[in-house]
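Okay, so here's the structure we're looking at.
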Amino acid sequence: MDTFELLARGFGIALQPTNLAFAFFGCAMGTLVGVLPGLGSTAAIGILLPFTFGLEPTSAIIMLAALYWGSMYGGTITSVLLNVPGEASAAITCIDGYQMAKQGRAGPALAVAAIGSFIGGTAATMALVIVALPLTALALKFGPPELLALLLMTLGLVTGLAGTSMIRGFLSMFLGLLVAMVGLDPGMGVPRFTFGRTELLEGISFIPVVMGMFGLAEVFLNVEGRPKILVDVRMRSVMLSVKDMKDSAWSIVRGTPVGFLLGLIPGLTGVIASVVAYMVEKRFAKNPERFGSGAIEGVAGPETANNAYATGAVVPLFTLGIPGSPSVAVLMGAFMMNGLVPGPFLFVEHSDFIWAVIASMYVANVILLILNLPLIPLWVAVLRIPQPILYAFILSFCVLGAYSINNQVFDVGMMVGFGILGYGFKKLDIPVAPFIVTIILGPLTERALRRTLEMSGGDYGILLASPVAATFLLLTVAIIVAASLKFANRFKADTR
Amino acid sequence: MKRSYQVTGLVIVAFAIAVILESLQLTYYTELGPGPGYFPFWIGVIVAVLGASMVYTATFRRADPLPEDFVPSRSGFTRMGVAFAALVWTIVMMNPLGFRLTNLVFFLALLPVLGCTNWLTVVLISLAGSFGVFYIFDTILTVPLPIGIFSF
């Protein structure tokens, strides 16, 4: 039986009323969970897992997978409306999405995110069907040296987020790297900058940092000043204009392969996919200075990449039994609890099940579009809530979100501290984005470096021995040279 | 903004020096490559240089005027101060008092200062934000929240 016949049978199972209902429920719960700061898709799948024990395995996995996709979109809603990312991977959307909301364009921001997510997720699912096995074989060639070189290139690209002042941009980037050093050293397991606190042994959690630097800082800035009217909620203003569609089309086209290909590589997270997509858009833009001030491409690209990443991340799970991300690892647990072992034999021994799940991925993307597009005016209307009530709830939900990560108030304290830092950054016009991105990239890069050097016995030449790694390194050098020249010119201009 | 950047730059340099000194306590390099102290040391050096550059450019370039809203008004300071105090209250009292009572006081204190003057609205929103949210998270979503010493 060929692939398309198997897929057709899969649709037959996925479109059964019961499974459709579970997919709808999963999408709705996922969107709601994504909206709540701190409660990410990993926690949500974990919470709902016990409720699936009494269900048919196919229905259970369809619901949990739909929840996973739903949470990707849900996280975008609060990023755009409140500058508080509901899901870590939606943090980058805050940069331009929230600016669009402040300009009265929250509707187009949410609409382009929904459409981009749909197209990215659907195209990635088609790619999964056609090229899963050969692409997985290629992704497996990505060892620590290749991963290290890719991460170094991504760090180099972060210089593109520096903004108007290179000094302040680089400061933000390197301060983020310093914060990322807190915790156990990945090589020797020695505590670094923990000052005896056991809560810091695993490092500084990303969620409190992001909620503090984006969400809390924005609330502090808003409460200190005079109340502003936040948004225009007239119906026509929530639709995408022809210009919006033209501006975002290529961003969606580019975001899909970026997200999908990065999803194939185990160990990367959705944040990396959104970051790379954002920086790709900035590099391709005719007027990159618009980024950070409400450029629709800055929402379309990352959101598309995000959903395409979510699909790409299940490919190693289905084909090799390797979970590509924490959320997918919990999904893998769901598979095993239902007596299904992810890996190549899944396609042979349970082909009806796996093709039904793949078909349900298409269905979930359609459901999410149908569910979320009409709800955009409702979401935008959240901003009609009187500002005292809105800000009090934002602060309260941030506290709740930070607390629920590890059930400890230390994370809440961390979030407040970073909120004050974020407030200071905004007052001094220091960009927040490089800080956030390097907190994620720093530990990944250091771990990859240690593993690479362990493989080679301390010899850096291993990086040049791999053609893939050498190519990425060459690109990294070119990016750093270009950034350094830009830095030198700006420094001279600043001190003239 | 000149003074702001000069002070910020100096603070950053001082912070970077502290990081460098702390990193010198750690192993710098091993047979298999950089040790735990390697990256913090060099990143600390870079941050110190950037902080010094910030002081230098602030001193020798034409200063940008302070933005109009750079320094908050007295009422703005009050609102921010109360928001900050409310957050500190939740950090200190969440475990002893529990989520519901802590959040109830949080909303009751914060809403009037932020501008919600209708007392009925303040009370209803405070109850929703404390007991209502607790019900949704603890009972429906089974996300455990602190109960406190009063078991309430």
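The values are calculated or read from the model by the stated rules, or taken from the named source; none is laboratory data. Keep in mind the model is a prediction, meaning the values are calculated, not measured. For neighbour counting, all protein chains shown are included, and Cβ atoms are generated from backbone atoms with ideal geometry for every residue, glycine included. SASA here: full protein model, heavy atoms, side chains in, ligands and nucleic acids out. Shrake-Rupley method; radii C 1.70, N 1.55, O 1.52, S 1.80 Å.
At a glance:
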read-out: Residue check for A:V219: under 24 Å from the mean Cα position of the chain (by Cα) and modelled with pLDDT of 80 or more; value: yes
read-out: Top-ranked residue of the range B:1-26 - restricted to ones that are more than 7 Å from every other protein chain (Cβ to nearest Cβ) and closer than 30 Å to A:G457 by Cβ, ranked as least open to solvent (accessible area, probe 1.4 Å); value: B:S23
read-out: Cβ pairs under 7 Å, 6+ apart, first in the range A:367-388 and aromatic (F, W, Y), second surrounded by 19 or more Cβ atoms within 10 Å (Cβ to Cβ) and in a helix (DSSP H, G or I); value: A:W379/A:I77; A:W379/A:L81; A:W379/A:L110
read-out: Any hit, the range B:94-106, residues being modelled with pLDDT under 90, open to solvent by less than 10 Å² (accessible area, probe 1.4 Å) and more than 30 Å from B:I20 (Cβ to Cβ); value: no
read-out: Positions within the range A:158-201 being hydroxyl-bearing (S, T, Y) and within 29 Å of A:K282 (Cβ to Cβ), in sequence order; value: A:T159, A:T164, A:S165, A:S172
read-out: Candidates A:A65, A:A114, A:A91 - the one that is in contact (Cβ under 8 Å) with a residue 12 or more places away in the chain, open to solvent by less than 10 Å² (accessible area, probe 1.4 Å) and within 30 Å of A:L340 (Cα to Cα); value: A:A65
read-out: Which numbered condition A:S327 misses (of (1) over 22 Å from the mean Cα position of the chain (by Cα); (2) closer than 19 Å to A:L49 by Cβ); value: (1)
read-out: Helices (runs of 4 or more DSSP H) lying entirely in the range A:419-496 (those with 1 or more residues that are within 11 Å of another protein chain (Cβ to nearest Cβ) and among the charged types (D, E, K, R)); value: A:433-456, A:467-494
read-out: Some residue of the range B:66-77 being closer than 23 Å to A:M414 by Cα and modelled with pLDDT under 90; value: yes
read-out: Meets criteria (out of contact with any Gly (no Cβ under 7 Å at 6 or more places or on another chain), part of a helix (DSSP H, G or I), at pLDDT 85 or above and open to solvent by 10 Å² or more (accessible area, probe 1.4 Å)) for A:A21; value: yes
read-out: Residue in the range B:107-119 that is farthest from the other protein chains (Cβ to nearest Cβ), counting only those that are part of a helix (DSSP H, G or I) and open to solvent by 20 Å² or more (accessible area, probe 1.4 Å); value: B:W119
read-out: Residue match in the range B:109-132 (condition: within 24 Å of the chain's Cα centre (by Cα) and over 21 Å from B:F84 (Cβ atoms)); value: no
read-out: Breaking point among (1) open to solvent by less than 50 Å² (accessible area, probe 1.4 Å); (2) on the phi > 0 side of the Ramachandran plot, for B:V122; value: (2)
read-out: Residue match in the range A:175-196 (condition: more than 11 Å from chain B (Cβ to nearest Cβ) and open to solvent by 40 Å² or more (accessible area, probe 1.4 Å)); value: yes
read-out: Those residues of the range A:424-454 which are free of Cβ contacts under 8 Å to residues at least 12 places away in the same chain and open to solvent by less than 10 Å² (accessible area, probe 1.4 Å), in sequence order; value: A:L453
read-out: The range B:140-152 residues that are over 24 Å from A:S41 (Cβ atoms), paired with ones that are in a loop (DSSP other than H, G, I, E, B) and small (G, A, S) (beta carbon under 7 Å, 6 or more apart); value: B:P146/B:G98; B:I147/B:G98; B:G148/B:G98; B:F150/B:G98; B:F152/B:G98
read-out: Subset tally (residues that are surrounded by 24 or more Cβ atoms within 10 Å (Cβ to Cβ) and not in a helix (DSSP H, G or I)) for the range A:360-397; value: 0
read-out: Lone qualifier among A:V271, A:V238, A:V242 - being modelled with pLDDT under 85 and open to solvent by 10 Å² or more (accessible area, probe 1.4 Å); value: A:V271
read-out: Restricting the range B:35-62 to residues that are at the interface with chain A (Cβ under 7 Å from one of its Cβ atoms) and not in a helix (DSSP H, G or I), the residue that is most open to solvent (accessible area, probe 1.4 Å); value: B:R61
